[in-house]
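Participant: Sharing a structure here in structure tokens format.
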Amino acid sequence: MVGSLSLAHAPILQTREKVLSKIKNVQEKPKKRLVASREDATTRRWLNQSECLELLTNKFNFECILPSERNLFKQAEIFYQAEIVVGIHGAALANILFMREKTTVIELRYRGQEGNFSSASCYEELSKLIGINHITVLCNGKERPELRGRSIEDADVIVNKTELLKVVDSCI
């Protein structure tokens, strides 16, 4: 594994089961298509999110959510009901922990974010643990020199709309 992060599988799975056991409003088949927004974040911002969201909403019926506005159990419920989640590498994607097997997460990540001291692969590892299809779309972006040692890790991203639509279309 590349990166400086390794997930502890047993506690993660125990947490997943404990939280999911508290969810009440669960439908039989996951149907939601979600964009997990980071619009309230100060780093790893999706600079062309509104344009991409408009395309995803109009063509594929996605809805945008801001996980930070909900408590843990509501976040778990929403992600459990999702068939596809699109989101930028960041804390909101930790909620893929609550997705069902064989659903899909499309992680948008700055193409410079990799290497021995990066946690870039943490969501890929979590997806494997849960049995989720994980697709990483590497994006251009703007590094943040004012963040000093985190300028690459916390770069803002600019998503290629054509590439995103192709990836989503292939998942549906």
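The values are calculated or read from the model by the stated rules, or taken from the named source; none is laboratory data. From a predicted model like this one, the values you see are computed outputs, not experimental measurements. Because the Cβ atoms are built from the backbone with ideal geometry, glycine has one as well, and the counts that use them run over all protein chains shown. All accessible areas refer to the heavy atoms of the entire protein, side chains included, with ligands and DNA or RNA removed. Shrake-Rupley method; radii C 1.70, N 1.55, O 1.52, S 1.80 Å.
Participant: How would you classify the stretch 35-116 from its alpha-carbon gyration tensor, with a ≥ b ≥ c the square roots of the eigenvalues: rounded for a/c under 1.5, else prolate if a/b is greater than b/c, otherwise oblate?
Facilitator: In terms of gyration-tensor shape, rounded.
Participant: Dipole size in debye (nearest 20) for the chain around its Cα centre, Lys and Arg Cβ +1, Asp and Glu Cβ -1?
Facilitator: 380
Participant: Using a 1.4 angstrom probe on heavy atoms only, work out the carbon and sulfur share of the accessible area of the stretch 1-95 in %.
Facilitator: Of all accessible area on the stretch 1-95, carbon and sulfur atoms account for 49 percent.
Participant: In whole Hz, with x marking every Gly and Pro, tabulate ³J(HN,Hα) for the stretch 100-108 from phi via Karplus 6.51 cos²θ - 1.76 cosθ + 1.60, θ = phi - 60°.
Facilitator: Once θ is set to phi - 60°, the couplings for the stretch 100-108 become 7, 4, 6, 8, 10, 10, 10, 8, 9 Hz.
Participant: Using the heavy atoms of the protein chains and a 1.4 angstrom probe, tell me the accessible area per residue for the chain in square angstrom.
Facilitator: On a per-residue basis, the chain sits at 54 Å².
Participant: Please pull out the direction-averaged projected area of the stretch 88-165, using the convex hull of its alpha-carbon atoms, in nm² to one decimal place.
Facilitator: Projected over every direction and averaged, the Cα hull of the stretch 88-165 covers 5.3 nm².
Participant: Leaving ligands and nucleic acids out of the surface, order Val137, Val167 by accessible area at 1.4 Å, largest first.
Facilitator: Ranking Val137, Val167 by accessible area, largest first, yields Val167, Val137.
Participant: Whole Å is fine, so just give me how far the alpha carbon centre of the stretch 23-43 lies from that of the stretch 80-96.
Facilitator: 6
Participant: While we're on this one: Could you point to the residue in Ile106, Val157, Pro145 farthest towards the positive end of the chain's charge dipole, with +1 and -1 charges on the Cβ of Lys/Arg and Asp/Glu respectively?
Facilitator: It is Ile106, whose Cα lies furthest towards the positive end.
Participant: While we're here: Looking at the stretch 27-157, how many pairs of lysines come closer than 18 Å at the Cα, when each pair is eight or more places apart or spans two chains?
Facilitator: 9
Participant: Place the peptides 124-134, 55-65 in order of packing, highest mean first, counting for every residue the other Cβ atoms within 10 Å and averaging per peptide.
Facilitator: Listed from highest to lowest mean packing, they are 124-134, 55-65.
Participant: Can you sort His9, His89 by 1.4 Å-probe accessible area, starting with the largest?
Facilitator: His9, His89
Participant: Give the Kirkwood hydrodynamic radius (Å, one decimal) of the chain, defined as one over the mean of 1/r across all pairs of different Cα atoms.
Facilitator: After inverting the pairwise mean of 1/r, the radius is 16.4 Å.
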